[in-house]
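*Asks:* Here's a structure for you.
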Amino acid sequence: CRSLSLSLCSFLFVDLSVGSVCAAPSVPDSLWVSSAGSCKGRCFELEETPPPGCRCDNLCKTYSSCCSDFDDHCLKTAGGFECTADRCGEPRNEAYACHCSSDCLERLDCCSNYKATCQGESYWVQGDCEEIRSAECPAGFVRPPLIMLSVDGFRASYLNKGKTVIPNIAKLRACGTTAPYMRPVYPSKTFPNLYTLATGLYPESHGIVGNTMHDTVFNATFTLRGREKLNHRWWGGQPIWITAEKQGVKAGTFFWPWLLRDQLFTGYSETSCLQVTQRPGVYRLLSDQVFTGYSVTRCFQVTQRPGVYRLLRDQVLTGESVTRCVTTGMEEAHCDKMEFLSSYPLNIDEISLIPGSLGRIRARDPNSITYDPRVVVANLTCKMAGQHFKPYLKQHLPKRLHYANHRRIEAVHLLMERKWHIARSMPEVRRTRCGFFGDHGFDNKITSMRTIFAGHGPSFKFQKQVASFENIELYNIMCDLLGLKPAPNNGTYGSLNDMLRDPPFLPTVPQEVTSPSPTSPPKTTVTYDLGCSCDDEVVCYWFYWELPSTTSLLLVLLGAAQYNQSPLSFFQNKVEEVFQPFNTTHLPLGRPAVMFPTDYILLHHLDFISGYSRELAMPLWTSFTLLRQVRPRPLTLLRQVRPRPLTLLRQVRHQLAGSAESAYDASLITNTVPMYPAFARVWSYLQGVLLRRYAEELNGVNVLLGPVFDQDYDGLRDTSTTEAPPPLPSHYYAVVSSCEEVNQTVDDCEGGLKVFSFLLPHRQDNGESCNRGEDESQWVEELLSLHTARVRDVELLTGLDLFRSANLTLSAALGLKTYLHTFEPDD
């Protein structure tokens with residue numbers, strides 16, 4: 001059906017067995033009696049048979065309620081799922097899964113390639129790309145339907161195999177809209193990601209934080225094999241099928257997690273398809289293999305739909321080549337690559353571990369008075385040479401993971417090295433064979449965790465490639481395709497507009513909440529000898545405070561003399577004009593807009609510009625530009641001449657250092673922002689070495705730096721603090737921008753931008769890096785790449801809005817903000 005907007009989204013999450021590492025409880029005895037009936041003529045019926053009768057709907061296996069002959073009648077595999085030339089016109093064999101007999105079209109049970117093989121019709125995949133500009137729905141559809149197909153286990157690197165191996169997906173990508181890859185959320189497990197795709201929420205927001213999880217409030221455990229997963233209380237947010245139903249659009253779902261019975265797309269009976277009034281506007285299908293549901297195929301055959309329906313029926317769902325691809329694993333893993341907690345100085349009898357490709361540790365006894373998560377982390381930190389995991393308190397995990405703000409996320413988290421698993425203890429009897437050879441769930445930024453995306457249909461652009469993106473963004477796109485208003489979600493609405501022909505939602509620049517305050521003399525009169533002569537010494541000091549540079553002060557004094565004005569009058573009237581060249585250089589992408597109520601002023605310096613918060617007594621942001629092949633003067637942010645103590649520019653002592661000198665140096669490094677000495681090593685190396693190298697490699701960079709306050713680790717800026725100003729930052733951020741065109745500098749860029757960001761946890765030690773005792777050149781870059789972040793994450797944590805004057809459309813700017821530079825090699 002040409003009306004169809006087909007989103008083919010394949011995830012990299014194959015739920016492979018991990019042997020005895022992660023056993024799940026079996027489903028309790030069923031209330032249904034398997035011998036109470038037969039599934040003959042009832043396969044995938046829409047009605048749920050109440051107990052004690054037996055069921056034939058597609059959830060009967062989940063509830064252990066199927067009739068004893070369900071597999072024989074409804075899950076036939078005999079004869080395969082395709083016709084061959086010698087099968088055309090064969091006598092009907094009722095034991096076959098599909099048919100190539102001459103009456104199969106009439107009886108609606110042909111194999112998917114019957115027309116191509118037995119009637120000479122050409123395959124869609126063999127033709128040229130055809131641009132579909134408008135919907136051409138046959139009778140019976142009130143709107144162009146959306147089909148969402150998820151194929152478990154399709155890693156992005158499979159695309160490198162080429163169209164001879166995956167011809168149908170290659171054709172979809174060539175003719176529709178695609179991306180180099182789509183990134184899953186963390187943990188890169190099946191249930192968290194399928195529900196993220198359905199809701200646009202991070203796992204910490206929708207609550208499905210793993211395939212296995214424990215809720216201390218419910219005092220219950222959720223597993224894939226247990227029946228607790230069928231309880232509504234685990235599932236937060238609003239999935240797309242609920243959004244659709246609430247707004248009058250029918251939805252159908254097949255094998256997708258968390259389904260209500262009246263929203264199931266369970267397949268069709270042996271003799272009929274859904275009537276017009278029952279036909280969904282959105283279909284969601286999930287399979288750990290390429291879908292071959294023959295009941296669905298028959299319904300598509302009934303209506304004889306051309307175009308994409310035939311593609312779905314004949315080419316995508318039963319494509320043999322695709323089937324061969326998706327059975328492969330995502331990342332190599334093996335029983336030989338296993339870490340055991342019993343090898344570390346822990347009392348493993350007092351802990352409970354959710355094992356596998358990520359480790360989550362909680363107290364076995366929730367009322368334990370001896371269990372301390374900080375002690376557990378300390379006892380697992382850098383204890384062995386070649387350790388294959390990093391232990392974290394969940395609030396210290398990289399912010400890009402968005403994996404801290406939920407009670408089901410344990411306080412202690414083990415971020416595993418790729419290919420490695422964690423288990424509680426070594427088995428007493430060594431295994432003779434390993435039950436798995438691959439797994440998923442690892443850090444979602446590593447290359448092997450990437451997934452694919454392809455969109456095809458009249459709403460998508462023709463032969464278009466967009467930048468890579470995160471799967472939280474797809475919920476908004478699905479709502480656009482269905483004409484729905486999205487429920488609140490973690491996606492950035494409008495960031496994927498570039499993939500749609502006519503996006504219904506056009507983002508607008510948000511209104512700035514707080515502009516810089518007009519400058520005014522300080523309330524406290526302080527005298528300070530600056531070695532200059534002026535009529536009002538207070539004014540001289542004030543200029544030093546507002547413009548912490550003697551050069552900046554001289555600019556004001558010279559300008560005042562030129563215009564025959566007092567320095568104060570000149571400063572108030574001409575400051576923007578005088579400093580416009582510095583704004584152009586150090587703020588080439590525009591001044592960050594402050595999106596919350598506060599009181600701040602602009603501090604102009606020859607080497608940088610700051611937005612200084614009077615409430616926090618520190619800069620909200622500092623921006624400067626480093627040019628290529630020009631060795632800059634030592635930055636004020638790194639070192640400056642030590643001034644005499646000032647009341648207004650005070651150096652604040654936190655519990656950051658053992659001496660006044662080291663506390664003073666830490667303060668100067670960030671222009672009066674407090675900093676732990678251990679972290680100052682990282683910050684100094686970033687500014688003193690890496691930023692200069694980035695400037696050389698990228699033909700100049702603009703750098704935006706500042707503090708982050710997220711003590712409640714919810715991923716948003718703290719709205720209040722109990723500390724006296726200046727409070728202690730939880731993180732520091734850095735946003736590094738350059739021109740995509742290497743022949744242009746960032747302050748004169750006419751095209752696209754390259755951006756990468758960091759959100760660095762402000763901690764008293766550098767325990768994440770086991771070689772922290774060595775020179776910074778040996779470990780800081782690896783630490784920075786671990787804490788890479790999206791610009792959008794920086795905005796949410798700081799309350800700033802960036803790139804307001806960049807030479808980009810707003811949708812392009814949003815796409816740039818939601819892009820994550822992973823520092824990972826291509827697969």
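*Asks:* What whole-number value in cubic angstrom gives the convex hull volume per residue for the C-alpha atoms of region 724-826?
*Replies:* Per residue, the Cα convex hull of region 724-826 comes to 152 Å³.
*Asks:* With contacts defined as alpha carbon pairs under 8 Å and 6 or more residues apart, what's the relative contact order of region 126-249 in percent?
*Replies:* Rounded, it is 15 percent for region 126-249.
*Asks:* Hey, what's the per residue convex hull volume over the C-alpha atoms of region 331-439, in cubic angstrom?
*Replies:* Normalising the Cα hull of region 331-439 by residue number yields 117 Å³.
*Asks:* Let me ask something additional. Where nothing but the Cβ of Lys and Arg (+1) and of Asp and Glu (-1) is charged, how large is the charge dipole of region 331-439 around its Cα centre, in debye to the nearest 20?
*Replies:* 320 debye
*Asks:* Let me have the relative contact order for region 331-439, percent, based on Cα pairs under 8 Å that are six or more residues apart.
*Replies:* 45 percent
*Asks:* Now, a different point. For a quick protection proxy, order the peptides 731-742, 470-481, 185-196 by their average other-Cβ count within 10 Å, most packed first.
*Replies:* 185-196, 470-481, 731-742
*Asks:* Taking the alpha-carbon centroid of each part, what is the distance from region 56-125 to region 186-228 in angstrom?
*Replies:* If you average the Cα positions of each part, the centres end up 35 Å apart.
*Asks:* Name the shape class, rounded, prolate or oblate, that the alpha-carbon gyration tensor gives for region 65-170, where a ≥ b ≥ c are the square roots of its eigenvalues, rounded holds for a/c under 1.5, and otherwise prolate holds if a/b is larger than b/c and oblate otherwise.
*Replies:* Rounded, because the longest to shortest axis ratio a/c is under 1.5.
Read the figures in this text as sums done on the coordinates, not as results from a lab. Remember, predicted model here, so these are calculated numbers, not experimental data. All Cβ positions, even for glycine, are placed from backbone atoms using ideal geometry, and neighbour counts span all protein chains on display.
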